[in-house]
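Below is one structure, written out as structure tokens; the observations come after it.
The values are calculated or read from the model by the stated rules, or taken from the named source; none is laboratory data. Please read these numbers as outputs of a predicted model, since none were measured by experiment. Cβ placement follows ideal geometry from the backbone for every residue including glycine, while neighbour counts extend to all protein chains displayed. These accessible areas exclude ligands, DNA and RNA; they are computed on the full protein's heavy atoms, side chains included. Shrake-Rupley method; radii C 1.70, N 1.55, O 1.52, S 1.80 Å.
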Amino acid sequence: MSAKVGIAGAGSIAFGTAALLHQNGHDPMLWSPSGASTAALQDGLLTATGAIETQFDPRVAASAQQLAEENDVLLIALPGYGHKAVFYALAPHIRAGQHILISSHASLGAVYLMQALAARGVEAAVTAWGTTVVTGRRGEGASVQVNTVRKKVDLCTVPETRSDCARAVCTTLFGDVFVPRDGLLAISLSNLNPQNHLGIALGNITRMERGEIWSQGQNVTPKVGALLEALDLERLAIAGALGLKTKTIFEHFSQSFHVPISTISEMNQQMHAQGNGGTGPATADSRYVTEDVPYGLQLTAILGRLTGHPAELHDAGIKIFSAMYARDFAHENDLLNALELDRYSLDDLRQAARTGLLRKTPEPAS
């Protein structure tokens, strides 16, 4: 059965996801908050190449209201630094029972959105993905090169009582690729992009600044690979302290890019040899830094402090990039700032990870 899916975003992931939905027989609509990114669709079809080969004419929304009102499911597919503004724009128009998917989830954004809906008395399921269903890069005009369609994507839903229904919706739209995880903290810690992009960007920052064309997989050299492995140990220690199970970096690369498990550098060299190692960022103004440092590394660093397992390499990465960019990345996350996490305990966060609502746990009676 064909579903109408409204996609907030019009970049590479939004275009690639729209192409996958179209290929699967569904009807996507794209909305660019600025309007600029969908302008190319006024004069041409959306063309996907690579892992998905298709050409079609997607619906285009002129406003958040139109996107919410004309679709069965909403999917957020833009960088983390755009999530809060899009949630704010969509929240007044989301209706009871509507499904919202976040691809991929960043910085407890599902909690921010759920609380905005609760303030209106609207009950809706919000599903957070640990990563995107596709990888790719937008080309000229209305085109996208889809590098990979993932075979495994972690997800969870708040409130957790809606989990089975929400997973069924995701499976209907994208196939049987979804792996349930134990709440939003598990999803946050299953997103390996921030730690991986930290190491890759740090090891290749001059290539990014110079606008070079370079293979990402090839340039995960042994030293960069060793850093990624060490960052992963910090993340896994935090997950373990929370009693959560999440995939290792080795499992991530093997499952996402279909290479046998080896060292992280060797796995990336195999990806490069097979032609799916990807192309690294050709600008220092890349989401590898501007999104993943404040919206990925920062939450991991906070969870490290709360669990007594400080993520020293993550913290160092935040500080190093803040110095490089003359910005305070630790304080740029508008979602975490709005949630005021310092007011809450770890138990409060655990509860919010299942309900979607951040509430202070009552103090025990003396």
*Check whether at least one residue in the stretch 97-106 is open to solvent by 30 Å² or more (accessible area, probe 1.4 Å) and part of a helix (DSSP H, G or I), and report yes or no.*
no
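Give the residues of the stretch 301-328 that are part of a helix (DSSP H, G or I), of a type outside the set (A, V, I, L, M, F, W, C) and surrounded by fewer than 23 Cβ atoms within 10 Å (Cβ to Cβ), sorted by residue number.
Listed by number, the residues that qualify are Gly304, Arg305, Thr307, Glu312, Asp315, Lys319, Ser322, Tyr325.
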*Within the stretch 339-362, can you find the residues that are surrounded by fewer than 17 Cβ atoms within 10 Å (Cβ to Cβ) and among the small types (Gly, Ala, Ser)?*
Ser345
*Of the numbered conditions (1) in a helix (DSSP H, G or I); (2) farther than 30 Å from Asp347 by Cα, Leu185 satisfies every one except a single condition; which is it?*
(2)
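Test Leu233 against the stated conditions and say whether it is more than 30 Å from Met1 (Cβ to Cβ), open to solvent by 10 Å² or more (accessible area, probe 1.4 Å) and in contact (Cβ under 8 Å) with a residue 60 or more places away in the chain. Talk me through it step by step, then tell me what you get.
Values: more than 30 Å from Met1 (Cβ to Cβ): yes; open to solvent by 10 Å² or more (accessible area, probe 1.4 Å): yes; in contact (Cβ under 8 Å) with a residue 60 or more places away in the chain: no.
For Leu233, the condition - more than 30 Å from Met1 (Cβ to Cβ), open to solvent by 10 Å² or more (accessible area, probe 1.4 Å) and in contact (Cβ under 8 Å) with a residue 60 or more places away in the chain - is not met.
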*Output the residues belonging to the stretch 1-29 that are hydrophobic (A, V, I, L, M, F, W, C), modelled with pLDDT of 95 or more and out of contact with any Leu (no Cβ under 7 Å at 6 or more places or on another chain).*
Ile13, Leu20
*With the condition kept exactly as written, say whether any residue in the stretch 155-168 is under 22 Å from Tyr88 (Cα atoms), open to solvent by 20 Å² or more (accessible area, probe 1.4 Å) and not charged (D, E, K, R).*
yes
*Is the stretch 162-171 home to any residue that is under 17 Å from the mean Cα position of the chain (by Cα), closer than 28 Å to Phe257 by Cβ and not in a helix (DSSP H, G or I)?*
no
_Number of the exception - Ala68 against (1) under 21 Å from Lys151 (Cα atoms); (2) touching a residue at least 60 places away in the same chain (Cβ under 8 Å); (3) open to solvent by less than 50 Å² (accessible area, probe 1.4 Å); (4) among the aliphatic types (A, V, I, L, M)_ = (1)
*Close pairs from the stretch 284-302: first free of Cβ contacts under 8 Å to residues at least 40 places away in the same chain and more than 16 Å from Gly82 (Cβ to Cβ), partner open to solvent by less than 10 Å² (accessible area, probe 1.4 Å) and part of a loop (DSSP other than H, G, I, E, B), Cβ under 8 Å, at least 6 apart*: Ala301/Ala311
*Among the residues of the stretch 50-66, is there at least one that is within 22 Å of the chain's Cα centre (by Cα) and either of a type in the set (Asp, Glu) or part of a helix (DSSP H, G or I) (or both)?*
yes
_Criterion violated by Met271 - all others in (1) surrounded by fewer than 22 Cβ atoms within 10 Å (Cβ to Cβ); (2) within 22 Å of the chain's Cα centre (by Cα); (3) not β-branched (Val, Ile, Thr) satisfied_ = (1)
*Hey, does the stretch 74-84 have a residue that's farther than 26 Å from Glu160 by Cβ and assigned to a helix (DSSP H, G or I)?*
yes
*Conditions: (1) free of Cβ contacts under 8 Å to residues at least 24 places away in the same chain; (2) surrounded by 22 or more Cβ atoms within 10 Å (Cβ to Cβ); (3) charged (D, E, K, R). Glu251 meets all but one. Number of the miss?*
(2)
